[in-house]
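Asker: The structure under discussion is supplied below as structure tokens; questions concerning it will follow.
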Amino acid sequence: MRINTKAFCDRLIWLLTLFWVVAIYLFTMETWGRYLYLALAVAIFLLTALRNGGRIRVKLCRYHAYVLAFVVYTGFSAAWAWAPAEAFSKCITLLNIFICCAMMYPYYAQQDSAEPLLSIFMWAGYLVALYSIQKIGLTAILEATISARARMYFEYNNANTLGMLCALAIVIQAYRWLFGRFSLSALLSVPALLIVAASQSRKAILMIPLGIIILLFLKNLGNRSFFKSFFRIVLSLALFAAVLVLISRISIFRGVNERLTSMIASFTGEGAADGSSLLRKKMREVGFAQFLKTPIFGIGIGCSDVLLQHTINRSTYLHNNYIELLACGGIVGTALYYVPRLALLRDFWSSRFLRNRQAIACLAILLLLLIMDYGAVAYSEKMQYLYLLMLFVQADKLRESNHQTLEDGADE
């Protein structure tokens, strides 16, 4: 029997990329994890060459230029950093991530769309959820959903991180349902939802209704009938409000509902805010005050722990990606990180492109990531750069398609 080399390589690369994502969440505490990530990336690169008949086209694109510019700036910031070793360490981390993603880029750049990576992110969330339930036990997971005082702690990763991956998996499943049809894989949203509830991650629980409402909004925004589109958008907003009310009354979300209530109290001043919310508010204030003192270049990437140690006697990061980059990287570092994302917003935000289902999914994920950056420091996470890879692959495909259409129109 003759083996179809391309089909075999496609399946194996998909599985290896899935394992790469899952490994990030399950083996992040292991010292040998960095070697595993690199080995998987090298294997994907070699399989791409095999798939292409022993040749591989290495093309430097916007993705490489943007990410490398931020990596280089991170290294340069060691020259003025409050803790040069911290900035240099961040540079090495980001460089390793860039190398891994750059080796995966050639394969995904030759795909028709971002669909394979969307599928990988969804299944990664499901597998991590199933592993967590098997590892900890269903009873313990359910108990952790009851009260904010019973919040589950996962020994192999941060609860917020796991909760957000599972929430994203549910959002991608909703996208596939909205633009396709129901599949049995949707049943795996249930264990993913249990992990979101057990993690009691405020960001994760908000991601689900926010992601779905953004998908509905963008799907209807491209509707040529204004009144029909307007009605559907209003209906989507009403659905969003109804989902939030429903979540607040479901027993398995009782713990995360308590945490959401205390978080809101930290902003409004009404009710009792928990210590975590108040501390994060203080961190944002400290970080922004430092940005005003060193607005151009900051105090060095990765040096927020030194800042907080000096001000509130805590050695940690600022828990807000925007404030973290402004304080540590200044305007220059923040621009280098966020300009690529603004460029993607420009590429996706087009009525023409919003008729493309993958563009809608990618724009929804991009908006979610930008919103979640308010409550988490994400610039040094591996997944952020794989998400960015997917977004640029899809955006570049759309740009190529638009360019070809313009050329065909000019020839007629």
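The values are calculated or read from the model by the stated rules, or taken from the named source; none is laboratory data. These figures come from a predicted structure and were not determined experimentally. Positions of Cβ are backbone-derived with ideal geometry, glycine not excepted, and every protein chain shown enters the neighbour counts. Ligands, DNA and RNA are excluded from the accessible area calculation, which covers all protein heavy atoms including side chains. Shrake-Rupley method; radii C 1.70, N 1.55, O 1.52, S 1.80 Å.
Asker: Mind telling me which of the residues 344, 325 ends up being in contact with a Gly (Cβ under 6 Å, 6 or more places away or on another chain) and closer than 30 Å to residue 212 by Cα?
Answerer: Details: 344 fails: in contact with a Gly (Cβ under 6 Å, 6 or more places away or on another chain).
The unique qualifying residue is 325.
Asker: Now for a separate question. Looking only at residues that are among the hydroxyl-bearing types (Ser, Thr, Tyr) and in a helix (DSSP H, G or I) in segment 89-127, which one is farthest from the chain's Cα centre (by Cα)? So that I can check it myself, show each step before the final result.
Answerer: So in segment 89-127, the residues among the hydroxyl-bearing types (Ser, Thr, Tyr) come out as 89, 93, 105, 107-108, 113, 119, 126.
This time we only want the ones that are in a helix (DSSP H, G or I), so: 89, 93, 105, 107-108, 119, 126.
On the way: 89: 22, 93: 18, 105: 17, 107: 21, 108: 18, 119: 14, 126: 16 Å.
Per the criteria, the residue is 89.
Asker: Restricting attention to segment 312-331, which residues are open to solvent by 50 Å² or more (accessible area, probe 1.4 Å) and part of a helix (DSSP H, G or I)? So that I can check it myself, show each step before the final result.
Answerer: Taking segment 312-331 first, the residues open to solvent by 50 Å² or more (accessible area, probe 1.4 Å) are 313-315, 317, 322, 331.
Selection gives 322, 331.
Asker: Can you pull out every residue in segment 53-71 that is among the hydrophobic types (A, V, I, L, M, F, W, C), open to solvent by 20 Å² or more (accessible area, probe 1.4 Å), assigned to a helix (DSSP H, G or I) and touching a helix residue (DSSP H, G or I) at 6+ places or on another chain (Cβ under 8 Å)? Give the steps one after another, and end with the answer.
Answerer: So the first thing to find is which residues in segment 53-71 are among the hydrophobic types (A, V, I, L, M, F, W, C), and the list is 56, 58, 60-61, 65, 67-71.
Still in the list and also open to solvent by 20 Å² or more (accessible area, probe 1.4 Å): 56, 58, 60-61, 65, 68-69.
Applying the additional criterion that residues be assigned to a helix (DSSP H, G or I) yields 65, 68-69.
Hits for segment 53-71 are 68, 69.
Asker: Let me ask you something else. In segment 73-91, which residues are under 14 Å from residue 379 (Cα atoms) and surrounded by fewer than 15 Cβ atoms within 10 Å (Cβ to Cβ)?
Answerer: Once the filter is applied, which keeps residues that are under 14 Å from residue 379 (Cα atoms) and surrounded by fewer than 15 Cβ atoms within 10 Å (Cβ to Cβ), segment 73-91 yields nothing.
Asker: Hey, can you tell me all the residues within segment 120-135 that are touching a residue at least 24 places away in the same chain (Cβ under 8 Å) and either at positive phi or open to solvent by 10 Å² or more (accessible area, probe 1.4 Å) (or both)? Walk me through how you get there before you give the answer.
Answerer: Filtering segment 120-135 for residues touching a residue at least 24 places away in the same chain (Cβ under 8 Å) gives 120-133.
Once the filter is applied, which keeps residues that are touching a residue at least 24 places away in the same chain (Cβ under 8 Å) and either at positive phi or open to solvent by 10 Å² or more (accessible area, probe 1.4 Å) (or both), segment 120-135 yields 123, 127, 130, 131, 133.
Asker: I've got another one for you. Hey, does segment 238-255 have a residue that's open to solvent by 70 Å² or more (accessible area, probe 1.4 Å), at pLDDT below 85 and not hydrophobic (A, V, I, L, M, F, W, C)?
Answerer: yes
Asker: In addition: Given the structure, is residue 285 on the phi < 0 side of the Ramachandran plot and open to solvent by less than 10 Å² (accessible area, probe 1.4 Å)? Steps first, please.
Answerer: On the way: on the phi < 0 side of the Ramachandran plot: yes; open to solvent by less than 10 Å² (accessible area, probe 1.4 Å): no.
In short, no.
Asker: Looking at (1) within 19 Å of the chain's Cα centre (by Cα); (2) part of a helix (DSSP H, G or I), can you tell me which one residue 85 breaks?
Answerer: Failing condition for residue 85: (1).
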